[in-house]
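Below: the structure, in structure tokens.
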Amino acid sequence: MAIDCLVLGAGQEIGKSCVVVTINGKRIMFDCGMHMGCDDHNRYPDFSLVSKSGDFDNAISCIIITHFHMDHVGALPYFTEVCGYNGPIYMSYPTKALSPLMLEDYRRVMVDRRGEDELFTTAHIANCMKKVIAIDLKQTIQVDEDLQIRAYYAGHVLGAVMVYAKVGDAAIVYTGDYNMTTDRHLGAAKIDRLQLDLLISESTYATTIRGSKYPREREFLQAVHKCVAGGGKALIPSFALGRAQELCMLLDDYWERMNIKVPIYFSSGLTIQANMYYKMLISWTSQNVKEKHNTHNPFDFKNVKDFDRSLIHAPGPCVLFATPGMLCAGFSLEVFKHWAPSPLNLVALPGYSVAGTVGHKLMSGKPTTVDLYNGTKVDVRCKIHQVAFSPHTDAKGIMDLTKFLSPKNVVLVHGEKPSMMILKDKITSELDIPCFVPANGETVSVASTTYIKANASDMFLKSCSSPNFKFSNSTQLRVTDQRTADGVLVIEKSKKAKIVHQDEVSEVLHEKNHVVSLAYCCPVKVKGESDNDADLIKQLSEKILKTVSGAQIHESENCLQIGSFKGTLCLKDKCVHRRDISSSSEAVVFFCCNWSAADLELGWEVINVMKQNI
Amino acid sequence: MKLTCLSKGDGFHYPPCHMLNLCGFRILIDCPLDLSAIKIFSPVISCVASEASKYPSDESLDAQNPIQKKHKLERQLTFADLVCEEPWYKTVKPLHLWDASFIDIVLISNPMGLLGLPFLTQNPGFSAKIYMTEATAKIGQLMMEDLVSMHAEFRCFHGPDNSSFPGWIKNLDREQVPALLKKVVFGESGDDLGSWMRLYSLDDIESCMKKVQAVKFAEEVCYNGTLIIKALSSGLDIGACNWLINGPNGSLSYVSDSIFVSHHARNFDFHGLKGTDVLIYSDFSSLQSAEVTENGCISPDPDNNYISTTSSDNKDSLLNTEDSLEEMEKLEFICSCAAESADAGGSTLITITRIGIVLQLLELMSNSLESSSLKVPIFVISSVAEELLAYTNTIPEWLCEQQQEKLISGEPSFGHLKFIKDKKIHLFPAIHSPNLITSWQEPCIIFAPHWSLRLGPSVQLLQRWRGDPKSLLVLEDGISSGLGLLPFRPIAMKILQCSFLSGIRLQKLPTLLSVLQPKIVLVPDAVNQRINFAAMKTISILNYFENKTLRVPRIADNPSVEITTDLASKLSWRKLRQRENFGIARLKGGLLMEDGKHRLVSGLEQEESSGKARPLRHWGSVAPESLLDALLKIGIKGSLEQSIGETGSDDNSIIHIANPSSGLIEVSEMGTAIITDDENVASQVFQAIDGILDGI
């Protein structure tokens, strides 16, 4: 049995996350994202690799979307409505609620403002979302008879999950994007210790190790504060959900504390409405936020107002959250065009900017002019601040998670190739786990766990529940407990395997037991004239104890027992078990001994001791 | 498996309580409080009028007709009979007979089943793992806190009393105390005394809740590696659940009061309970509803006493919305009654505290008031109202599909949020809240606990309006009879007594069982009497009784053991000479209990002493001739001597060996004995025998 992991997107790159994993015949698509930096057909994952005929319903058992970012959900309406996938789709409750907003926002930006052909329509989004089944954290979902999935908290954005999938005995986890530290409004990723054959992890920050984020939060606040204090306008391009709420919580709190009266604007009603969702989905935020919630909902921002287009040229300082992020198009880009030439102003770029966007150009180097998409150039004299805290885990977090889960294999996706290679080496060398970094379109195959199942008899289970220690000291004392060795696995053709206790084997086979034992009537020369049998037994057992290690001797009136070995004082004149009796006149006592073949060595050891006389 | 039904409970507010013994673990299911028992206590009423109205009647009785004194025992209960002390609370009696420290697991199915838990966790020896859904934990905690805060009023009134034995019980043991009262206090059999407890404190609640592990619906939690426990929605109320327990010896489902189609909570998730080995049916609601048909305006349809199994086992009949529509009609009826009395200038007091009902009523009521011209404020008076109502709008995952749709479209789950903002609904923590006085307006509609009419703001409000025939009192089922309204009589208010669906209708049970297909069903004796299970041949039905232990035999196959492939490949297989289609191997490794399964994994590999694994068990028979041949091959000569058995037994052969050293071999049907003093010869002979026999 094997697990095949086909990477359709986000292989050695960031964008259009899409991984198709085949576990014991079940095929699961994790994420169905769109590449924000591409304008051509490369924007979508190459679905033809999944099914040439386009019969996706039979090719894929289910789709699971980890969170609502465009590079994880962006291609979903296209896949369901244009490619025609009709099977089940799973998302967490927040993702289901928020994805349509993100998709619609993006669609509008692309169509209305950039004038592109429609990739999918509003109706597509609505139809697509109807097929989505919402799931809760840790809820175990039986997709079909064999396939089981479960979501764990990932902390990256509201509703982000890691997904556990299990078919038969094989299990994997796909992390999506995750964050191993608590941030302003979300908790850290949380997962059970699972037995995994494969872990597919993001690796956005495969080599970065970040310290505390508080200094960077302070930097951001000071940069914004300095800008508005100087009468400038601060532009924070961000997507409607996630960063916007986190930064806004930060600013709202700071404004309150510093008693700043400069207005904070949200660019569209959309984000205000998004806050409504956040209020309802408060149980998906961090513990800290949840505790505060009893008295005041932290997503009720006090200083936030709606932005109007006319305010772009209004005098005076302000802070503006504008969509979309990365300055890739739309309103945020339009505002940027107007505000960038003034040195008083500030552009704070939160999070990661995909290559090809204006945001990316601003972050890499200090350009004085920037080309916009339609060929116009803009002078950039404003300050650029990169908000350097990110909801992605750092390299340490990835290592921690991998170590914690200890999967049999690791696949890295969603990262940049050079740093992924470094992380791969680290995982292979430090954790000794095979690690793969497939490119788009490549498949990684790993072996999967299977168990052989057998019905166990009660006698076996009972014997296993009581300890069965054995002591041996050849060189040093060794204690072993081989209670399972009493069990015997019996396989009969075309029948289910059975586990029975060794005493039951013959019964299962319909055979009669045949006991192979050894016997010998051993002469023991007694020096002293002791008539007392009990004394004799005692002397013997003391002697045996000295030579035979770990022997447990049971003495009784006229016999002694060690394991299956039993020696009894033999009073017969002529015992059949007696051999070669050199009828010396010395006082000889006979011990009639017998022991089973299992204690072959033990028996001879004892006999040898006896022969040495007393 | 053993099941002991500790209490069959009494309706929605007093769910049943069971003790289950499964795989050697002791599992307590639910720990409720019998809150209806506090009816024997007198509420804190500041009004003298009520008492005055009682005494004249008493006195006149004495004075006028001495003969009637005899009948005093059977006289009408009066207000004065109620116990005027700080109330104690009645818990599940047989639970005290169990040692709390021996309980391994506590499963709480709904918030009502949580109310008695602090009494149990107070016990210093208590160490069980407690599971309940997150919503149950939150709502249950709020309910307990509310109970404590309402109880505080009694504390203020009666002063602190720290005696460990309640003095009031002594007074109740007298002859002239009405039988009804005695029955509540001492129980049917007269030994309920030990079940009365002084109420816990906020600290007790807190420390109790700290021990709770809250779960989501369908989350699998593993207890001790052995039992996998899963909560599945029961539809009764927000967060209420049934339980599915999987263990190595089979699966078990516990079905408590369940509602197939709910208008607020998630529907009864019965698909998840399919095909278990044992199903414990613990829905007693059908027994209650059939009895009560009082003066109440709304009464349930009388159940047919004998319901035969319907052959149509389609699930649609389970999910038909008839019941839920009926429930909606009841709610609408309450709304219209309230509107009517408001129209006439009367106020409405709603003492229903079932959270789902309250939420729906609030929404319906506000909507209907808005659409009408009535300007009537709605007050919700409870110490936890604000938190509870805020909470219900942040838990879309726990609600029914219609409410989840609202999440998708960005609306709050329940409409009360908007009305609170618009100042149509006012929330107050207590009746003496200063803001209440300023915004007070009559007529009004008030939601106030407690349904027992002994605690909370409902007492004062009832006292205020009881003489007003225009006002309306909305009660839960069964309160108006007996002691319930006693302190408030004579009462001129209109009374609307409502019974809501709180479980599976008996007619649906056969269909449900035929869908679920459990192998064994445990049903309460009383349910079995009313249903003809004869048509269900494939399912075996066992009856259980309150306070009796029912032992259920194991029906599952032998437990399965999973062997890892790498270990299996290391096993040394033996082919059998006699039987070719068998393969046997001795096991290695260690046996673990993981995720409810026995698992054999490669453990610390025991260095088997130089690897000479010798068969320890043999079977088959040894023919003396073939043994002689085999011995000859390894250079041992022997001669055969036929049975000279002293006992005259048959087929005893003896082989004498002379070379290389002397010895003999006794061969019989049962076994073979090697008799020699030469170690080498012995092991050689053993090898030869081993070559003839099959062994392991």
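Rule-based calculations on the coordinates, nothing more; no lab input. These numbers were taken from a predicted model, which means no experiment stands behind them. Quick reminder, even Gly has a Cβ in these numbers, built from the backbone with ideal geometry, and neighbours come from all protein chains shown.
Numbers below:
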{"quantity": "Nearest 10 degrees, 0 to 90: helix B:49-64 Cα axis against chain B principal axis", "calculated": "90"}
{"quantity": "DSSP-assigned coil residues among GluC sites (Glu not before Pro) in region B:177-235, each with at most 12 further Cβ atoms within 10 Å", "calculated": "B:Glu188"}
{"quantity": "FRET efficiency, B:Lys519 to A:Leu344 (Cβ-Cβ, R0 60 Å, nearest 0.05)", "calculated": "0.15"}
{"quantity": "Global geometry of chain B, whether rounded, prolate or oblate, following the gyration tensor of its Cα atoms and the 1.5 cut on a/c", "calculated": "prolate"}
{"quantity": "Coordinate range along principal axes, alpha carbons of the protein assembly as shown, Å, largest first", "calculated": "124, 111, 61"}
{"quantity": "FRET E, pair B:Asn367, A:Ser466, Förster distance 45 Å, beta-carbon r, rounded to 0.05", "calculated": "0.10"}
{"quantity": "Set of lysines with alpha-carbon distance to A:Lys16 below 17 Å, sequence-local pairs under 8 removed", "calculated": "A:Lys417"}
{"quantity": "B:Trp573 versus B:Cys222: modelled label distance in nm, points set 7 Å from Cα along the beta carbon direction", "calculated": "2.9"}
{"quantity": "Anchor A:Lys495: lysines whose Cα lies under 23 Å away (excluding residues fewer than 8 positions away in-chain)", "calculated": "A:Lys453, A:Lys512, B:Lys570, B:Lys575, B:Lys588, B:Lys597"}
{"quantity": "Extended-chain gain in nm, criterion 0.36 nm per residue less alpha-carbon gap, A:Ala447 and A:Asn513", "calculated": "19.6 nm"}
{"quantity": "Nearest 10 degrees, 0 to 90: helix B:624-633 Cα axis against chain B principal axis", "calculated": "70"}
{"quantity": "Calculated FRET value between B:Lys423 and A:His296, using beta carbons and R₀ = 22 Å, to 0.05", "calculated": "0.70"}
{"quantity": "Antiparallel bridges, percent of DSSP beta bridges restricted to chain B (to nearest 5)", "calculated": "55"}
{"quantity": "When the convex hull of its Cα atoms is projected in every direction, mean area for region B:413-541 (nm²)", "calculated": "12.4"}
{"quantity": "Angle in degrees between helix B:134-158 and the longest Cα principal axis of chain B, rounded to the nearest 10", "calculated": "50"}
{"quantity": "Selected from A:Leu147, B:Ser262, A:Gly11, residue furthest toward positive end of dipole (the protein assembly as shown; charges at beta carbon)", "calculated": "A:Gly11"}
{"quantity": "Listed residue pairs exceeding 26 Å between alpha carbons, taken from A:Lys213/A:Lys361; B:Lys183/B:Lys330; A:Lys525/A:Lys572; B:Lys2/B:Lys129; A:Lys26/A:Lys138", "calculated": "B:Lys183/B:Lys330"}
{"quantity": "Region A:210-281 shape via C-alpha gyration tensor axes, a/c threshold 1.5", "calculated": "oblate"}
{"quantity": "Antiparallel DSSP beta bridges within region A:158-290, as percent of all bridges there, nearest 5", "calculated": "60"}
{"quantity": "Loop sites in region B:149-199: trypsin sites (Lys or Arg not before Pro), DSSP, at most 12 other Cβ within 10 Å", "calculated": "B:Arg174"}
{"quantity": "Extension gain from A:His41 to A:Leu569, taking 0.36 nm per residue of separation minus the Cα-Cα distance", "calculated": "180.6 nm"}
{"quantity": "Compactness index (Cα Rg / 2.2 N^0.38 Å), chain A", "calculated": "1.48"}
{"quantity": "Pairs of alpha carbons in region A:65-219 whose separation is greater than 18 Å (percent)", "calculated": "64"}
{"quantity": "Rounded to 5, the percent of DSSP beta bridges in the protein assembly as shown classed as antiparallel", "calculated": "60"}
{"quantity": "Total charge dipole magnitude, the protein assembly as shown, about the Cα centre, Cβ charges on Lys, Arg, Asp, Glu only, Debye to nearest 20", "calculated": "2460"}
{"quantity": "Cα-projected label distance for A:Lys190 with A:Gln539, points at 7 Å along beta-carbon direction, nm", "calculated": "7.3"}
{"quantity": "CD proxy at 222 nm, helix term only [per DSSP H run n ≥ 4: -39500 (n - 2.57); per residue of the protein assembly as shown; nearest 500]", "calculated": "-8000 deg cm²/dmol"}
{"quantity": "DSSP-assigned coil residues among GluC sites (Glu not before Pro) in region A:21-122, each with at most 13 further Cβ atoms within 10 Å", "calculated": "A:Glu116, A:Glu118"}
{"quantity": "Partners for B:Lys421 among lysines (Cα-Cα distance below 22 Å; same-chain residues under 8 apart left out)", "calculated": "A:Lys279, A:Lys290, A:Lys292, A:Lys302, A:Lys305, B:Lys375, B:Lys406"}
{"quantity": "Average beta carbon contacts from partner chains per residue of A:81-94, 10 Å cutoff", "calculated": "1"}
